[in-house]
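**Student:** Here it is: the structure, laid out below.
The values are calculated or read from the model by the stated rules, or taken from the named source; none is laboratory data. Given the structure is predicted, the values throughout are model-derived calculations rather than measurements. Here the Cβ is made from the backbone with ideal geometry for all residues, glycine too, and neighbour counts use every protein chain on show.
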Amino acid sequence: MDSFDLIVVGSGPGATFAAWGARGHRILMLDVGFDPPDVPVLSGNPCELRVGGADLFSSLIGGGFEGLHNVFHPPVNFKLKAPYLSYIAGDWTTLTPITGNFAGAISLARGGLANAWGAGVYRFTDRDLTGFPIAAADLRPYYDELTSHMGVSGVNDDLEPHFERDGALLPPLRLSELFEEMLRRYQRHKLQFQWEGVTLGRSRLAVLTKPHNGRSAYAYENLEFFKPHDPAIYNPAFTVDEMIRSGAIDYRSGHLVLRYRELPDGIEVCARNLSTGDTETFQGRALCLGAGALNSARIVLESHSDYTTELPLFDNPMSCIPLFRLQRIGRGLEPRDTSLASLNLVMDDPAWPAPLQASLYGSTGPLRSDILFTLPFPFRTSLAVTKYLAPAMGLLMLFYPGQPGSSVRLKPSGELDVVFAPEPACGVETRLIRIFRKIGYLTSEALIQRPAMGAGLHYAGTLGMRANPGPYETDRNGKLTGTGRVYVVDGGAIPALPAKNLTFTIMANALRIGRQLARELS
Ligand SMILES: Cc1cc2nc3c(=O)[nH]c(=O)nc-3n(C[C@H](O)[C@H](O)[C@H](O)COP(=O)(O)OP(=O)(O)OC[C@H]3O[C@@H](n4cnc5c(N)ncnc54)[C@H](O)[C@@H]3O)c2cc1C
C-alpha cells in the first residue's frame, strides 16, 4: 500500500490551501471531485447570445427543465440549478444525505461550493475574530499570499476599517450605471449614513480585472448563473489542477471518504471508490479534513461511531431586499454587465453586538422566471415588472452573524441530522429601507425575501478552534482534540461566524495550518 506524508480530504477552499501550504511533502488528495459537464463553452453576454440567435435552451433551461426548478419546487440557489452548474451540488442527497430542517446544499465537486461562490473576499479583523484562538495578525501574511495567488480586485475606500487595508488590490470591476449612481448619492449623503452607522463601498472580489497568473480578465459576460469555470473568477479547482500538473499532489477523485483510524505511527483513511463500489484504505503520517463543515463532522463522528453527540453548526441568516430607482424604470439594459457583487455595506445596529454586512447585486443576470414568481403581483403584471424594472432594480443581500443553537448529529443510518434554530427576529431591514429611501431608492417590506436556514451556504463551527479545546474541538493549529495527527482545515474549524463572508478566512487559516504541518512533517 502507498503511504503518504499527508492525506487531504476534499478540494474545496480549505482542503486546497492546506495542501498548497504543505507542498514539498508526499500529499494524497482524496475527493469525490465532480467536474463540469463536457459541454460547449458559453461565450458572449446573454443579450448578444440571444440577438445572435443561439439556441440557449440546453445551457439556460436544460433537457430536464432544471433551470426552472424554482418555479415548481422549494427554491435552491440560482447557481446550483443551472444545467451546466448542477454538477456543483450533484448527488449529495444520496452520497452524503441530510435530514432535519436543512434548506442548503453540499458540494462534492472539485473546488467545492466555491464553484458557485460570488468570490467576495473579506479579511476578518480582530473584532470579527472574537472567540477565535488566533488574531488578525496571525492571518495577515496568509491573506496577503492568497491575494497575490488568486488576484483580488477592489479599492481601499470607506470600508477599509472593516476590511483592512490591502496594498495589492487589482483595480475594481466597472460599475453599472445603477451602482455608479448609488455610490455617488451615498458620497453626497455620507454624513447621514455615518450617523446611522452605515458604510458603503466597493466589493472586494477574487475576480481578475487584469490578466494574472495565466488567467484572463473578467469580460463582463454576466453569465455567472450559467457558466462554469470562468477563468477570471477564482476557483480552488484551478489551484488543484496546478498542483496536479506540477506533481505536488496525487489527486484521486471518485473517492468518498468514510472514516479514519489512528495507528501507532500514522493514520489510516477508509474511502469508497465510487466507480467500483469497493472500500479502499490509504495510509499517511497526518490527515487534513477539508470535506466542508458538515461532511468533516460526519467523518469525525463516524470514525468514533458516535451517534449521540450534537455538534454546533453556524450559517448566516439572510434577507434579500430589492431596491428600486424609479427614474431608471424602462431604460435599456447594459449588455456588458455583471452578476457579481458591486458594492458592500457594513452597518452597526444596537440590537446586534457585531456589525451586519450586505452585498449589492444587479438583477439582470438570473432568468426572469427566477424573479417573476417571487413578486406579489398577478403573473402578467410580474412579467411587465421584471422586464421594465430590471435596469432600475438592485438586490441587497443582508447577512446576519451566525447564531448559536443549531446542531448536527450523525444517525446510525449514516444520515446527518441538522437542526437549525429559528431565525433571529429582524428589524434591521426597516432601518435600511428608510436609509435608502433618503437617497432615492424605494422598496416595500412586502418584497423582502427571507431564505430558509441553511440557504446562506456559509457553514461553519462544527469542530471549532478553541484556546482550550474540548472533545470534538480543535486547537489553534487545527488539531482535533484526542487525536495525534488529525487536522480540520475547512469551515468546520471556524468557531464563530460574523456577518462577513468566511471563505477568505477558511483559506488563510488552512494555509496557515498547512505551513505549520509542513514544518512538523519535516
Ligand atoms: C452560491 C454561493 C455563493 C457563495 N458566495 C460566497 C462569497 O462570495 N464569499 C464567500 O466567502 N463565500 C461564499 N460562498 C461560500 C463558500 O463557497 C464556502 O464557504 C466554501 O466553499 C466552504 O469551503 P470548505 O473548504 O469549508 O468546503 P466546501 O467548499 O464544501 O468543499 C468540500 C470539499 O470536500 C469534498 N468532499 C466532501 N465530502 C467528502 C467526502 N466524504 N469524501 C471526499 N471528499 C469529500 C467535496 O468534493 C469538496 O471538494 C458561496 C457559496 C455558494 C454556494
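**Student:** Could you give every pair whose Cβ atoms fall below 8 Å, whose first residue belongs to the range 479-493 and is in a strand (DSSP E or B), and whose second residue is within 15 Å of the ligand (Cβ to nearest atom) and of a type in the set (Ser, Thr, Tyr), counting only separations of at least 6 or pairs across chains?
**Tutor:** Partner pairs satisfying both residue conditions: Lys479/Tyr487; Leu480/Thr474; Leu480/Tyr487; Val486/Tyr260; Tyr487/Thr474; Val488/Ser296; Val488/Thr474.
**Student:** How do the pairs read when you match residues in the range 94-107 that are closer than 20 Å to Gly290 by Cα with residues anywhere that are modelled with pLDDT under 95 and within 14 Å of the ligand (Cβ to nearest atom), using Cβ under 6 Å and keeping only pairs 6 or more apart or on different chains?
**Tutor:** Between residues of the range 94-107 that are closer than 20 Å to Gly290 by Cα and residues that are modelled with pLDDT under 95 and within 14 Å of the ligand (Cβ to nearest atom), the close pairs are Gly104/Gly454; Gly104/Ala455; Ala105/Leu80.
**Student:** Could you tell me whether Ala116 is away from the ligand (no atom under 14 Å from the Cβ) and closer than 30 Å to Asp230 by Cβ?
**Tutor:** No, not satisfied.
**Student:** For the range 1-77, list the helices (runs of 4 or more DSSP H) that sit wholly inside it and hold at least 2 residues that are under 21 Å from the mean Cα position of the chain (by Cα) and small (Gly, Ala, Ser); which are they? Outline the logic, then answer.
**Tutor:** Details: elements: 13-21, 46-51, 69-72.
The helices (runs of 4 or more DSSP H) meeting that bar are 13-21.
**Student:** Determine whether the range 291-299 contains at least one residue that is assigned to a helix (DSSP H, G or I), farther than 30 Å from Arg26 by Cβ, among the aliphatic types (A, V, I, L, M) and under 26 Å from the mean Cα position of the chain (by Cα). Steps first, answer last, please.
**Tutor:** Filtering the range 291-299 for residues assigned to a helix (DSSP H, G or I) gives 292-299.
When the remaining residues are screened for being farther than 30 Å from Arg26 by Cβ, the result is none.
There is no residue in the range 291-299 that is assigned to a helix (DSSP H, G or I), farther than 30 Å from Arg26 by Cβ, among the aliphatic types (A, V, I, L, M) and under 26 Å from the mean Cα position of the chain (by Cα).
**Student:** Tell me whether the range 422-438 contains one or more residues that are in contact with a Gly (Cβ under 9 Å, 6 or more places away or on another chain) and surrounded by 15 or more Cβ atoms within 10 Å (Cβ to Cβ).
**Tutor:** Within the range 422-438, not a single residue is in contact with a Gly (Cβ under 9 Å, 6 or more places away or on another chain) and surrounded by 15 or more Cβ atoms within 10 Å (Cβ to Cβ).
**Student:** If you check Ala54 against the conditions, is it touching a helix residue (DSSP H, G or I) at 6+ places or on another chain (Cβ under 8 Å) and small (Gly, Ala, Ser)? Please lay out each step first, then the result.
**Tutor:** Details: touching a helix residue (DSSP H, G or I) at 6+ places or on another chain (Cβ under 8 Å): no; small (Gly, Ala, Ser): yes.
No.
**Student:** Something else now. Since His73 meets every condition but one in (1) away from the ligand (no atom under 14 Å from the Cβ); (2) touching a His at 6+ places or on another chain (Cβ under 7 Å); (3) not aliphatic (A, V, I, L, M), which condition does it not meet?
**Tutor:** (2)
**Student:** Within 16 Å of the ligand (Cβ to nearest atom), within 20 Å of the chain's Cα centre (by Cα), among the small types (Gly, Ala, Ser) and in a loop (DSSP other than H, G, I, E, B): is that true of Ala341 in this structure?
**Tutor:** Considered against the rule, which asks whether it is within 16 Å of the ligand (Cβ to nearest atom), within 20 Å of the chain's Cα centre (by Cα), among the small types (Gly, Ala, Ser) and in a loop (DSSP other than H, G, I, E, B), Ala341 comes out as yes.
**Student:** Another question about this same structure. Counting only residues that are touching a Leu at 6+ places or on another chain (Cβ under 6 Å) and in a helix (DSSP H, G or I), which one in the range 494-509 is nearest to the ligand (Cβ to nearest atom)?
**Tutor:** Per the stated criteria, the residue is Met507.
**Student:** Follow-up question, since we're still on this one. Against the conditions (1) farther than 30 Å from Glu429 by Cα; (2) within 16 Å of the ligand (Cβ to nearest atom), where does Thr481 fall short? Just the number, please.
**Tutor:** The number of the failed condition is (2).
**Student:** Restrict the check to the range 79-94 and report whether at least one residue is of a type outside the set (D, E, K, R) and more than 20 Å from the chain's Cα centre (by Cα).
**Tutor:** The first filter runs over the range 79-94 and keeps only residues of a type outside the set (D, E, K, R), leaving 80, 82-90, 92-94.
From what's left, more than 20 Å from the chain's Cα centre (by Cα): 94.
Within the range 79-94 (the criterion being of a type outside the set (D, E, K, R) and more than 20 Å from the chain's Cα centre (by Cα)), the answer is yes, since at least one residue qualifies.
**Student:** Looking only at residues in the range 117-143 that are of a type in the set (D, E, K, R) and part of a helix (DSSP H, G or I), which one is surrounded by the most Cβ atoms within 10 Å (Cβ to Cβ)?
**Tutor:** Per the criteria, the residue is Asp138.
**Student:** Could you please give the count of residues in the range 2-51 that are in contact with a strand residue (DSSP E or B) (Cβ under 6 Å, 6 or more places away or on another chain), within 16 Å of the ligand (Cβ to nearest atom) and farther than 21 Å from Trp92 by Cβ?
**Tutor:** Of the residues in that region, 8 qualify.
**Student:** Out of all the residues in the range 416-439, is one or more closer than 30 Å to Leu301 by Cβ, touching a helix residue (DSSP H, G or I) at 6+ places or on another chain (Cβ under 8 Å) and not in a loop (DSSP other than H, G, I, E, B)?
**Tutor:** Residues of the range 416-439 that are closer than 30 Å to Leu301 by Cβ, as a first pass: 416-424.
Pick out the ones that are also touching a helix residue (DSSP H, G or I) at 6+ places or on another chain (Cβ under 8 Å) and you get 416, 418.
Now narrow it down to the ones that are not in a loop (DSSP other than H, G, I, E, B): 416, 418.
Within the range 416-439 (the criterion being closer than 30 Å to Leu301 by Cβ, touching a helix residue (DSSP H, G or I) at 6+ places or on another chain (Cβ under 8 Å) and not in a loop (DSSP other than H, G, I, E, B)), the answer is yes, since at least one residue qualifies.
**Student:** Something else: Please enumerate the residues belonging to the range 347-370 that are in contact with a Leu (Cβ under 7 Å, 6 or more places away or on another chain) and under 17 Å from Pro172 (Cβ atoms).
**Tutor:** If the condition is that a residue be in contact with a Leu (Cβ under 7 Å, 6 or more places away or on another chain) and under 17 Å from Pro172 (Cβ atoms), then Leu360, Tyr361, Gly362 are the ones that fit.
**Student:** While we're looking at this one, here's another question. Tell me whether the range 298-310 contains one or more residues that are modelled with pLDDT under 95 and more than 15 Å from the ligand (Cβ to nearest atom).
**Tutor:** No.
**Student:** Would you pick out the residues in the range 78-105 that are of a type outside the set (Ser, Thr, Tyr), part of a helix (DSSP H, G or I) and crowded, with 20+ Cβ neighbours inside 10 Å?
**Tutor:** If the condition is that a residue be of a type outside the set (Ser, Thr, Tyr), part of a helix (DSSP H, G or I) and crowded, with 20+ Cβ neighbours inside 10 Å, then Phe78, Lys79, Leu80, Ile88, Ala89, Trp92 are the ones that fit.
**Student:** Next question, about the same structure. Residue by residue through the range 476-511, note down the ones that are out of contact with any strand residue (DSSP E or B) (no Cβ under 9 Å at 6 or more places or on another chain) and either buried (at least 24 other Cβ atoms within 10 Å of the Cβ) or of a type in the set (Val, Ile, Thr) (or both).
**Tutor:** Of everything in the range 476-511, those that are out of contact with any strand residue (DSSP E or B) (no Cβ under 9 Å at 6 or more places or on another chain) and either buried (at least 24 other Cβ atoms within 10 Å of the Cβ) or of a type in the set (Val, Ile, Thr) (or both) turn out to be Thr505, Met507, Ala508, Leu511.
**Student:** To continue, here is another question. When you check Ala286 against the structure, is it under 24 Å from Ser413 (Cα atoms) and in contact with a strand residue (DSSP E or B) (Cβ under 8 Å, 6 or more places away or on another chain), yes or no?
**Tutor:** Judged against the criteria, Ala286 is not a match.
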